[in-house]
Protein chains: 2
Amino acid sequence: MNAALELGGTKTVVAVGENNGDLLDEYRFPTTTPEETLGRVVEWISAKTSPEAIGIAAFGPVRIDTKATDWGTMLASPKPHWNGFSITAALLAAFPESNITLETDVNAACLAEARIGAAAGMENVAYITIGTGIGAGILCGGRLLHGALHPEFGHILVPRKMGDEFAGICPFHGDCLEGMASGSAIGRRWGKPAHELSSDHPAWEIEAWYLAHGIIGLLAISPPQRVVIGGGVSQVEGLHDKTEELVRVLAGGYFPAVNEAPYVVAPKLGQKAGIRGALMLTGL
Amino acid sequence: MNAALELGGTKTVVAVGENNGDLLDEYRFPTTTPEETLGRVVEWISAKTSPEAIGIAAFGPVRIDTKATDWGTMLASPKPHWNGFSITAALLAAFPESNITLETDVNAACLAEARIGAAAGMENVAYITIGTGIGAGILCGGRLLHGALHPEFGHILVPRKMGDEFAGICPFHGDCLEGMASGSAIGRRWGKPAHELSSDHPAWEIEAWYLAHGIIGLLAISPPQRVVIGGGVSQVEGLHDKTEELVRVLAGGYFPAVNEAPYVVAPKLGQKAGIRGALMLTGL
C-alpha cells in the first residue's frame, strides 16, 4: 500500500491507496505550522500502513529537482514558518524505507486528469488552475515538466487586448498572464470577486483573451493535445468554450492539436485531482 | 560504431562516430529528392559500417512521435517531393538491424550544445535558431521536449514593442515571434538583409525585444538554465548581450535562472551541432 500527501497553502490531504490513483482512505485538515502539519501526516499514515512509496503534491515554490542538495525544501514561501522547511526530510525521518516522490500540486493534478480525468489517456496535457494566482502543470511526452525551479506559467508575458488599459497586478511584471487574468486581477479590475460576475459580463471576453494567449505559448513550447482549466475562477459558465474558440482563431491553422474538439475543457476530478495525482506519483 | 544523419532543407550531412558525439568521418552534399538523398546516405554508411544505431536530425515538420503509425514521415513539407516521405522507413529498409532515433534538427543541436557546447553539463537548455524562420530545441530535465507534433517555438505570440507598427510577415499569425523577428521579417522591415545592418542599427533593439519575450515564455513553461541563440541572424555583434539584459529586466526578479550570467549565449559547435547531436541521439 502506498501513501500520498497533498500539501496546500490552506488545507492538507493525506491518503493511502494504489499507484493507479485509487484511494482507500483519506484525511483532510487545515495546514498549520510545518511541524504540526507533518506530525499529523506521519501519525495518520503510521496508523494505516508502513508505505512502500509516498507521493507528495506540494504548494510552492518548492525544490523538486532531485539532484539539488535542498530537494524537498520550501523556498521563499509567502506562508509563515514554511520557508526553508524540508517536507521530504520530515517524511524520510518517519519512513526511512519509503520511496518518496515530490511534485508541484499542479503537476500532480495534471497527471491525474491526464490518466483518469478530463484528458484520460493523453500524454501531452496542460492543466491550468486559476484562483488567486495562475499556475499550470504540464505533461509532455508522458512526463511532467520541470526545469530549473518549476514551471511558472502564470508569469508568461502575453499581448494586451486592444484597448485594455488595466495596468495588471503582478508585483513582478504588472501585466503578465497572472497580473491580468488571475482571480485577484479580476477582483481588482471590476471591484468585485469573479464569482459575482455573471457569465455574460465583459470580464469573460477579456479573461478568455489572456488565457488563449497563454495557451498559444504552451502550443509553441510543449504542445498539449488538450488543455484542462480548473480553479475557482474557471467555473463560470462558458469560459472553456470561449477560450477554446479564441485559441482556434489565434492558432491560425498552424497548430493541428487545437482542431480536435474539445480542446479546452473543465477538470473531471474536482477536489480529488491533487491527492489522486500524488498517489500516482508513487508509480512513476 | 554508430551512424548519424543530419537532413537539412538544402544540405545533408552523414557521419559515423560515437554516441558521445565524437565524429570519425563525415560527408556533406546538397539535399535533392528524397530517393536520391537517402540513396547517397545509405551507400556512404554501408561502405563504412553496419551501424548498431542511427541518429537522425531532420528538418520539419516531421512525425517524431514514435507511437504514431507514420513515425519518421515528412509532413506538409514546403520542399517538393518530401511530403509524405518516410526517412525512417528508407533507413530501416537498408539497415533492418539498426536502432533508429529521430529528432528535429533543432533538438539535436540543442542536445549537442547542452552536452559539449555552450551549455555543457546543463539539463535545462533552450537552443533558438534565427534564420529565414525561428525554431527552438528544448532540453528540459535532461530530456528533449516534443509534444503533439513538435515544438513550434517561432509561433509564440509576443507583446508588441511600444510604437512598433510593422505588421509582421507570418502567413498564419502576422506578428508572432517569427513574424516579427525572423531573418525574413528583418529583411522585409528594413528593406535589406540582416547581415547588411550594422551592429548599432535600431533593428537590433527591436530584435532583442521580441527574442527576450519569447525567452520569458520558455522561462514560464520549460525554464532553461541557459539559452543558446544561433543561426545566421544571431551573428551580429552584441545581440546576445542585448537580449540577456532585456530578459533580466523583463524577468523582474521572478526567474532565478536568469541571474546566472551568462544566460543568453552564442553556440560553440557552429556547423557541427546538428550532426554531433544526431550522433548523441544513438546513446539516448
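Descriptive notes on the structure:
- Positive-pole candidate from B:ALA109, B:THR49, B:GLY39, dipole of region B:37-118, charges at beta carbon: B:GLY39
- Global geometry of region A:15-124, whether rounded, prolate or oblate, following the gyration tensor of its Cα atoms and the 1.5 cut on a/c: oblate
- Annotation for region A:223-284 versus region B:106-146: alpha-carbon center distance of 28 Å.
- When A:PRO96 is represented by a point 7 angstrom out along its Cα-to-C-beta vector, the spacings to that point in the other copies are 5.6 nm, nearest first.
- Short-range pairs are left out: with C-alpha atoms under 8 Å and at least six residues apart, the relative contact order of region A:118-267 is 27 percent.
- Under the combined filter of DSSP loop state and at most 12 neighbouring Cβ atoms within 10 Å, region A:37-105 retains these GluC sites (Glu not before Pro): A:GLU97.
- Fraction of beta bridges assigned by DSSP in the protein assembly as shown that are antiparallel (%, nearest 5): 60 percent
- Counted charge near A:PHE255, where neighbours are those whose Cβ lies closer than 10 Å (Asp, Glu -1; Lys, Arg +1): 0
- Remark: mean inter-chain Cβ contacts per residue of B:153-162 equal 5, using a 10 Å Cβ-Cβ cutoff to other protein chain atoms.
- Label point 7 Å beyond Cα of A:HIS195 along Cβ direction - residues of region A:236-257 with amide nitrogen under 20 Å: A:236-240
- For region A:1-68: rounded, prolate or oblate by the Cα gyration tensor [a/c cutoff 1.5]: oblate
- Antiparallel content of DSSP bridges confined to region B:1-64, in %, to 5: 70 percent
- Separation of alpha-carbon centers, region A:1-31 and region B:4-35, rounded to whole Å: 52 Å
- The mean number of partner chain beta-carbon atoms within 10 angstrom of a residue's beta-carbon across peptide A:120-129 is 1.
- Probing with 1.4 Å while keeping every protein chain in the model, the per residue accessible area of chain B equals 39 Å².
- Using a 7 Å Cα-to-Cβ projection, A:PRO30 label spacings across copies, nm, ascending: 7.6
- In plain terms, the C-alpha convex hull of region B:118-267 casts an average shadow of 8.5 nm² when viewed from every direction.
- Solvent-accessible area buried by B and A, counting both chains, probe 1.4 angstrom, square angstrom: 3100 Å²
- Annotation for region A:1-68: trypsin sites (Lys or Arg not before Pro) lying in DSSP loop with at most 10 further Cβ atoms inside 10 Å of their Cβ are A:LYS67.
- Just so you know, the Rg over Rh for the protein assembly as shown is 0.98, from Cα atoms, with Rh as the Kirkwood radius.
- Shape category assigned to region B:211-266 from the gyration tensor of Cα positions, a/c cut at 1.5: prolate
- Distances between placed amide hydrogens fall under 5 Å for A:ASN83 paired with A:SER77, all partners being 5 or more residues away or on another chain.
- For A:GLY9, inter-copy label distances in nm, listed shortest first [label point 7 Å out on the Cα-Cβ vector]: 4.6
- Model label sites at B:THR69 and A:SER50, defined 7 Å from Cα along the beta-carbon direction, differ in position by 5.2 nm.
The values are calculated or read from the model by the stated rules, or taken from the named source; none is laboratory data. Not measured: the values here are computed from a predicted model. Positions of Cβ are backbone-derived with ideal geometry, glycine not excepted, and every protein chain shown enters the neighbour counts. Note: areas computed on protein heavy atoms with side chains; ligands, DNA, RNA excluded. Shrake-Rupley method; radii C 1.70, N 1.55, O 1.52, S 1.80 Å.
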